[in-house]
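For reference, the structure is listed below as structure tokens.
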Amino acid sequence: ADEFDLHICCMGAGYVGGPTMAVIAAKCPKVRVCVVDLSQKQIDAWNSPDLPIYEPGLPEVVAQCLGKNLFFSTDIDAEIKKADIVFISVNTPTKTMGIGAGRAANVKNCELCARKIAEVSESDKIVVEKSTVPVRTAQAVRRVLDCNERGLKFQVLSNPEFLAEGTAIPDLMSPDRVLIGGVQTPEGIAAAEKLAGVYANWVPREQILTTNLWSSELSKLVANAFLAQRVSSINSISALCEATGANVSEVSRCVGMDDRIGKRFLNSSIGFGGSCFQKDILNLVYLCETYGLQECADYWNQVILMNNYQKKRFSEKMVSSMFNTVTGKKIAILGFAFKKDTGDVRETPSMFVVRDLVMEQAKVHVYDPQVKREDMWVEMNYTCNLSEETHPGVEAAVTTSTSAYDACDGAHALAVLTEWDEFKELDYQKIYQKMAKPAFVFDGRNILDHEALRKIGFEVHAIGKPD
Ligand code: NAD
Ligand code: UGA
């Protein structure tokens, strides 16, 4: 017994588990929250001033609660035992081998968590799926839990997370909705109500939706698929704009002002990245195929094919604009993270551009305010199979610069690949003077003032704009 009304344990101290639990702790002083992980390094970082992820506003929230009602630990068994509610917030990456390789989501970590909970628990608990999972995963979790040897009763809920990286804290503080899926039995309804009660500390009741388990699991995949589909839709139009002289920013504005369509998520880019869009669409595609719905699978798969096309189109345009060769040329890459305000590089579209330029034997200089060189290479190796081992000399072909000015010094071209605000404020006159001529700008995010750059003397190419 202690001074807390409720004990929460969250398995997985990553991009979701850490920020989500920090906000629950901040909003619910009477709830004790402990985030556990297998990785000692990850837990040590959460307990230090140098958090393992970069997320605006996160250090303040963690500092406010750490050691009071928010804890990070590797003592998984003890923390599960203490908990009334256990969240499963572990990674569910696309399978790399076996049945469904390259498409199905790997739910191994979720099952391991369920087995751990069944093994060590000494009291009944609510188990909450926070990870994004294929529809009907909750059934597998429930069956594993039901095999516990003490006759304990577990209620399984689905509570997918909708935060976006870079805006995780505001997204968690005022979510559009909280979704809770549960079994429609008296015990299931009571469990959903208990979890809803936690969120109700700061989220208006009408924004807390309760559904059946399968609708909740599926809604998460569908939300990401719809968002990604908007990006692929506008990116497909960007290619048409370049061919016809239309301007994609003007088209987005005109189309988005229709309330039925809406303004957001219509920014044309070098393609979407991040750990989830592609993974979750592949997950949806695989589900459709599993149920024999090939037309539905093909429809959603096209969102990914369009994204691949957009990434490839960009690097090809760079090479063709620079007289069909970049061999030996220095090229500055501004931005490696998959979007601004994060250091996350999982599935970042910048990686594919860097890879293509390295394959053309360019000398690539990357500057990103938050990405560590080591993380960049881990991702290049994992997703592109590009490493010193597979391609000797490749690490020397990519320099990581400590400033945008260093990266651009003597370069033939600069390419903006992440929409960091600081790239809008650079002194492009100064940059131009130190670049090789003709000096090229490739704006992969349409954030720069193209007219001003042309006046300075740059040759500017941007997504979906007349050259
Ligand atoms: P992550 O890789 O950042 O973190 C997962 C953590 O779980 C890792 O630290 C890992 O060590 C730990 N872990 C794995 N197996 C474990 C086990 N058996 N016991 C204890 N810890 C274990 O992943 P993430 O980005 O936080 O994503 C987690 C889930 O949330 C995924 O299903 C993802 O699809 C979903 N999601 C992610 C985001 C996002 O923005 N990243 C947003 C919404 C939903
Ligand atoms: C996305 C969703 O927005 C979240 O709701 C969801 O919880 C999360 O996935 C998840 O399940 O992981 P996230 O990937 O963090 O969040 O970031 P987004 O803002 O969605 O951006 C994804 C990618 O799309 C980025 O590469 C971004 O640059 C790109 N994008 C986004 C565009 O190219 N154009 C746009 O208009 C919007």
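Residues that are under 26 Å from PHE458 (Cα atoms), open to solvent by less than 60 Å² (accessible area, probe 1.4 Å) and touching a residue at least 40 places away in the same chain (Cβ under 8 Å): list the helices (runs of 4 or more DSSP H) wholly contained in the stretch 306-413 that include at least 1 such residues. Let's see the steps before the verdict.
Working: elements: 349-359, 373-384, 394-397, 404-408.
Hits in the stretch 306-413: 349-359, 404-408.
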**Prompt:** Restricting attention to the stretch 247-266, and to residues there that are buried (at least 16 other Cβ atoms within 10 Å of the Cβ) and not hydroxyl-bearing (Ser, Thr, Tyr), which single residue is nearest to VAL183 (Cα to Cα)?
**Reply:** PHE265
**Complete:** Selection from the stretch 222-248 of residues within 9 Å of ligand 2 (Cβ to nearest atom) and more than 21 Å from CYS288 (Cα to Cα) yields VAL231, ILE234, ASN235
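Take the stretch 210-233 and flag every residue that is open to solvent by 10 Å² or more (accessible area, probe 1.4 Å) and under 24 Å from LYS263 (Cβ atoms). Can you show your working first?
In the first step, residues of the stretch 210-233 are kept if they are open to solvent by 10 Å² or more (accessible area, probe 1.4 Å); the result is 210-212, 214-215, 218-220, 222-224, 226-227, 229-231, 233.
Within the stretch 210-233, SER219, LYS220, VAL222, ALA223, ASN224, PHE226, LEU227, GLN229, ARG230, VAL231, SER233 meet the criteria.
For every residue, the table says whether it meets (1) within 14 Å of ligand 1 (Cβ to nearest atom); (2) open to solvent by 30 Å² or more (accessible area, probe 1.4 Å); (3) at pLDDT 95 or above.
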residue	(1), (2), (3)
CYS9	yes, no, yes
ALA26	no, no, yes
VAL31	no, no, yes
SER39	yes, yes, yes
ILE43	yes, no, yes
TRP46	yes, no, yes
ILE53	yes, no, yes
PRO59	no, yes, yes
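Looking only at the stretch 264-323, count how many residues are of a type in the set (Asp, Glu), away from ligand 1 (no atom under 16 Å from the Cβ) and under 21 Å from ALA337 (Cα atoms).
The initial filter retains those residues of the stretch 264-323 that are of a type in the set (Asp, Glu), namely 280, 289, 295, 298, 316.
Add one more test, that the residue is away from ligand 1 (no atom under 16 Å from the Cβ), and what stays is 289, 295, 298, 316.
Those still in the list that are under 21 Å from ALA337 (Cα atoms) too: 316.
Result for the stretch 264-323: 1.
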**Request:** For the stretch 250-274, name all the residues that are part of a loop (DSSP other than H, G, I, E, B) and charged (D, E, K, R).
**Result:** ASP258, ASP259, ARG260, LYS263, ARG264
**Request:** For the stretch 132-175, enumerate the residues that are within 23 Å of TYR199 (Cα to Cα), assigned to a loop (DSSP other than H, G, I, E, B) and within 12 Å of ligand 1 (Cβ to nearest atom).
**Result:** THR132, VAL133, ASN159, PRO160, GLU161, PHE162, LEU163, ALA164, GLU165, GLY166, THR167, PRO175
**Request:** Might you let me know whether the stretch 108-119 holds any residue that is open to solvent by 20 Å² or more (accessible area, probe 1.4 Å), among the basic types (Lys, Arg) and under 19 Å from the mean Cα position of the chain (by Cα)?
**Result:** no
**Asked** Where in the stretch 21-87 are there helices (runs of 4 or more DSSP H), lying wholly inside it, with at least 2 residues that are within 21 Å of the chain's Cα centre (by Cα)?
**Response** 40-46, 58-65
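How many of the residues making up the stretch 126-145 are charged (D, E, K, R), in contact (Cβ under 8 Å) with a residue 24 or more places away in the chain and either open to solvent by 60 Å² or more (accessible area, probe 1.4 Å) or over 14 Å from PHE87 (Cα atoms) (or both)? Write out each step before concluding.
Just the residues of the stretch 126-145 that are charged (D, E, K, R), to begin with: 129-130, 136, 142-143.
Then keep just the ones that are in contact (Cβ under 8 Å) with a residue 24 or more places away in the chain; that gives 129-130, 136.
Pick out the ones that are also either open to solvent by 60 Å² or more (accessible area, probe 1.4 Å) or over 14 Å from PHE87 (Cα atoms) (or both) and you get 136.
So the count comes out to 1.
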**Asked** Within the set of pairs 6+ apart or on separate chains, which have a first residue in the stretch 1-27 that is of a type in the set (Asp, Glu), a second that is assigned to a loop (DSSP other than H, G, I, E, B) and modelled with pLDDT of 95 or more, and C-beta atoms under 6 Å apart?
**Response** ASP5/LYS30
**Fill in**
Selection over the stretch 179-230 where residues are outside any helix (DSSP H, G or I) and of a type in the set (Phe, Trp, Tyr) yields a count of 1
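Report whether or not VAL222 is within 16 Å of ligand 1 (Cβ to nearest atom), out of contact with any His (no Cβ under 7 Å at 6 or more places or on another chain) and either within 30 Å of LEU266 (Cα to Cα) or among the hydrophobic types (A, V, I, L, M, F, W, C) (or both). Step through it out loud before you land on a result.
On the way: within 16 Å of ligand 1 (Cβ to nearest atom): yes; out of contact with any His (no Cβ under 7 Å at 6 or more places or on another chain): yes; either within 30 Å of LEU266 (Cα to Cα) or among the hydrophobic types (A, V, I, L, M, F, W, C) (or both): yes.
The answer is yes for VAL222.
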**Message:** Return the pair list, or none, for Cβ contacts closer than 6 Å from residues in the stretch 432-450 that are over 13 Å from ALA413 (Cβ atoms) and within 16 Å of ligand 2 (Cβ to nearest atom) to residues that are open to solvent by less than 30 Å² (accessible area, probe 1.4 Å) and part of a loop (DSSP other than H, G, I, E, B), at least 6 apart or on different chains.
**Reply:** ARG445/SER269; ASN446/ILE463
**Request:** Could you please let me know if LEU240 is closer than 26 Å to VAL353 by Cβ, at pLDDT 95 or above and open to solvent by 40 Å² or more (accessible area, probe 1.4 Å)?
**Result:** yes
**Prompt:** Can you name the number of the only condition in (1) of a type in the set (Ser, Thr, Tyr); (2) at pLDDT below 95; (3) open to solvent by less than 20 Å² (accessible area, probe 1.4 Å) that THR96 fails?
**Reply:** (3)
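The values are calculated or read from the model by the stated rules, or taken from the named source; none is laboratory data. Note that the structure is predicted; figures quoted are calculated from it, not measured. Glycine gets a Cβ as well: all are built from the backbone with ideal geometry, and neighbour counts include every protein chain shown. Side chains are part of the model used for accessible areas, which takes the heavy atoms of the whole protein and leaves out ligands, DNA and RNA. Shrake-Rupley method; radii C 1.70, N 1.55, O 1.52, S 1.80 Å.
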